[in-house]
Amino acid sequence: MRTRSGIRRIDRIVWSLATVFLAHAAVAAVPPAQAAKPTAYAEECGACHTAYPTRLLRPADWAVVLASLDRHFGVDASLDSTTRAAVATQLGVDPAVSSAATAKAAPRITQQGWFREEHDEVSAQQFRSPAVRSAANCNACHAGADRDQFDEHSVRIPR
Amino acid sequence: MFRKALLAATVLLAAPALTDTPESLMRGYAEQARTTSASYAGPSPAAGRRLFHQQPRDWSCATCHTDQPTATGRHAITGKAIGPLSPVANPERLRDAAKVEKWFKRNCSDTLGRPCTPAEKADLIAFLLGAREGA
């Protein structure tokens with residue numbers, strides 16, 4: 001039954017299968033956020049909260065944060081050593097220091113003097129409202145927090 | 001012509017997988033489970049659903065990912081929005097073996113106070129794959 005037209009039909013099927021597969025592969029090959037691949041810091045440290053602008057803590061403080069990621073403010077935020085080293089470099093921390101055990105409590109941005117001053121008009125109640133939940137949730141009030149934008153024009157306390 | 005077309009198709013099909021898929025990850029965990037137990041019956045969405053709602057301590061998976069894994073969740077402490085966990089609603093989910101392992105390690109520890117077994121991971125993925133939008 002291998003007529004000429006039969007072969008042509010198989011030919012067509014194979015080619016259309018190949019085309020579908022190619023189209024599919026092309027889509028799969030382009031990750032959704034290909035335009036600007038987030039850095040290790042933005043990707044790893046922005047998963048559970050705002051990727052805090054790195055200038056808001058000193059490298060020595062970031063080092064303490066990185067050294068205790070398995071017990072990170074009540075959650076497990078542990079990273080494999082390669083990824084942690086990449087994040088450390090971005091934060092200006094020596095990767096070796098970032099993996100050294102520490103007994104120090106991890107520092108908070110929200111407990112720095114300047115933070116309290118800038119937010120002295122924000123009440124504890126506003127920080128804990130259901131829409132905000134925590135002072136560390138910068139994005140709730142500063143829509144541009146991930147891009148280090150905190151100017152007063154873009155502040156909005158949700159209610 | 002037919003031969004050439006067939007060859008092209010074979011080459012394309014033989015190309016290495018470009019990304020992990022939820023199904024390939026589930027099969028991988030199921031294979032691991034089978035090596036430790038000969039009587040392993042395969043991934044169970046029902047067992048995955050039970051585990052997802054189990055709350056031995058402060059949290060269950062649903063605390064941050066909501067009762068409906070097709071819905072947008074919220075981190076219990078920080079309040080940050082978390083995109084839907086089910087690949088049915090969020091095609092970016094369960095596409096990277098290392099990422100999935102990282103989060104299973106952290107979240108099983110925070111939620112259950114212990115690591116999840118390979119069988120439990122396969123059950124959880126089966127549950128997430130079967131989740132229906134709005135159901």
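Looking only at residues in the range A:65-83 that are assigned to a loop (DSSP other than H, G, I, E, B) and open to solvent by less than 60 Å² (accessible area, probe 1.4 Å), which one is farthest from A:A103 (Cα to Cα)?
Filtering first and then ranking leaves A:L79.
Output the residues belonging to the range A:31-46 that are at pLDDT below 55, open to solvent by 80 Å² or more (accessible area, probe 1.4 Å) and either in contact with a Lys or Arg (Cβ under 6 Å, 6 or more places away or on another chain) or within 13 Å of another protein chain (Cβ to nearest Cβ) (or both).
Of everything in the range A:31-46, those that are at pLDDT below 55, open to solvent by 80 Å² or more (accessible area, probe 1.4 Å) and either in contact with a Lys or Arg (Cβ under 6 Å, 6 or more places away or on another chain) or within 13 Å of another protein chain (Cβ to nearest Cβ) (or both) turn out to be A:P32, A:Q34.
Select from the range A:84-109 the residues that are β-branched (V, I, T), within 19 Å of the chain's Cα centre (by Cα) and surrounded by fewer than 16 Cβ atoms within 10 Å (Cβ to Cβ) and list them in ascending order.
A:T89
Cβ contacts < 6 Å: first residue crowded, with 19+ Cβ neighbours inside 10 Å, restricted to the range A:131-159; second residue assigned to a helix (DSSP H, G or I) and aromatic (F, W, Y), any location; separation 6+ or different chain. Result?
A:A135/A:F127
State all residues of the range A:47-64 that are open to solvent by 20 Å² or more (accessible area, probe 1.4 Å) and within 13 Å of chain B (Cβ to nearest Cβ); if no residue qualifies, say none.
Those that are open to solvent by 20 Å² or more (accessible area, probe 1.4 Å) and within 13 Å of chain B (Cβ to nearest Cβ): A:A47, A:C48, A:H49, A:Y52.
Based on what the data block shows, is B:E92 more than 30 Å from A:A143 (Cβ to Cβ) and open to solvent by 30 Å² or more (accessible area, probe 1.4 Å)?
no
Say whether the condition of being open to solvent by less than 80 Å² (accessible area, probe 1.4 Å), under 20 Å from B:E101 (Cα atoms) and free of Cβ contacts under 8 Å to residues at least 40 places away in the same chain is met by at least one residue in the range B:22-37.
yes
The values are calculated or read from the model by the stated rules, or taken from the named source; none is laboratory data. Since we're looking at a predicted model, the values are computed, not measured. When we count neighbours, we look across all protein chains shown, and the Cβ atoms used for this are built from the backbone with ideal geometry, even at glycine. Keep in mind that these areas ignore ligands, DNA and RNA; they rest on the heavy atoms of the full protein, side chains included. Shrake-Rupley method; radii C 1.70, N 1.55, O 1.52, S 1.80 Å.
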